[in-house]
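I have placed the structure first, in the form of structure tokens, so that the comments after it can refer back to it.
Throughout, read-outs are computed from the coordinates displayed, never taken from laboratory work. What you see is a predicted model; the values in this text were computed from it and never measured. Positions of Cβ are generated from backbone atoms using ideal geometry, with glycine treated the same way; all protein chains shown enter the neighbour counts.
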Amino acid sequence: MSKVQSLNMRLTATEENYLKAIFKLSEENGNPTATTNAIAAEMNTAAASVTDMLRRLSEKDLIHYEKYKGVHLKEQGRKVATMLLRKHRLWEYFLVEKLKFEWDEVHDIAEELEHVRSEELINRLDNYLGQPRFDPHGDPIPNADGTIPTRQLTPLSTLKTGQHGVLTGLQEHPDSLMRYLKKVNISIGTKIQVLELHEFDESVSVRIDDERDIELSEKVSKNLLLKI
């Protein structure tokens, strides 16, 4: 049993979720320190509850926490969070690619499955799936040693008229956005070309797969990450 797996056996699902939330916030902000208020918003809970949990995680030597100064993950806490992401994204890949769920149906199921303790099961799942590097939403899947794949992607909102690329990831992927993209037949792998930028509301006219033209709002275009 690995050190991370042994530690996981002593953590509750809620404690694991907090570690994942801190990791997510630090990755999004490019800053290893997350504030209590940001964690409370991410976990949809009261700041007082967050403070109590941070003390527990600090006592387990998973985070460094100072009141009013924020929190950052220690090495072991980061490893736990990374492995949770690995499990979550592998399960999402499995659910979409093998069980044919839609990409907007898998998040909540993967949230439950990510707390499976068996490291052997996850490694066999990874091998069975062919060791995918990215999940159905384009998010990187950490490998067994915690290395996270990287690639250079460009938000659609930053492209100029005439530029194009292939949709390869989403900045954020709430179910409402994925349902909308499904409705307009946009998914990972879709080719998108900018036809016109609209200054008034920063929406954009685009051509999809060289076949049809649609309008996308600024909010949508900022979330679409393209490989140019």
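Could you tell me whether the stretch 154-227 comes out rounded, prolate or oblate from its Cα gyration tensor? Rule is a ≥ b ≥ c as square roots of the eigenvalues, rounded for a/c under 1.5, then prolate if a/b exceeds b/c, otherwise oblate.
Rounded.
What FRET efficiency would be calculated for the residue pair K182, T14, taking the C-beta separation as r and a Förster radius of 30 Å, to the nearest 0.05?
Here the calculated transfer efficiency is 0.45.
Could you tell me which of the pairs K100/K227; K191/K222; K24/K69; K24/K160; K69/K222 are separated by over 21 angstrom between their Cα atoms in the structure shown?
The pairs that break the limit, which is 21 Å between Cα atoms, are K100/K227; K24/K160; K69/K222.
Around S221, under 13 Å between beta carbons, what's the net of Lys plus Arg minus Asp minus Glu among the other residues?
-3
Using θ = phi - 60° and the Karplus relation 6.51 cos²θ - 1.76 cosθ + 1.60, list the HN-Hα couplings for the stretch 129-138 in order, rounded to whole Hz, with x at every Gly or Pro.
With coefficients 6.51, -1.76 and 1.60, one gets 7, x, 6, x, 9, 9, 7, x, 9, x Hz.
Which Cα, out of N29, L62, I39, lies furthest along the positive dipole direction of the stretch 3-77 (beta carbon charges, K/R +1, D/E -1)?
Value: L62.
Report, in whole Å, the centroid distance computed from the Cα atoms of the stretch 46-65 and the stretch 188-213.
That distance is 45 Å.
Given 0.36 nm per residue, what is the gain on full extension from F134 to I109 after removing their alpha carbon distance, in nm?
Once the chain is fully extended between F134 and I109, it gains 7.2 nm.
Could you go through the stretch 150-159 in sequence order and give the Karplus-derived ³J(HN,Hα) for each residue, using 6.51 cos²θ - 1.76 cosθ + 1.60 with θ = phi - 60°, rounded to whole Hz, and x for Gly and Pro?
Karplus-based 3J(HN,Hα) across the stretch 150-159 equals 10, 7, 8, 10, 10, x, 4, 5, 9, 6 Hz.
Return the long-range amide H neighbours of L226 (sequence gap of 5 or more, or a different chain), with a cut-off of under 5 Å between placed amide H atoms.
HN-HN under 5 Å from L226: T154, L156, T168.
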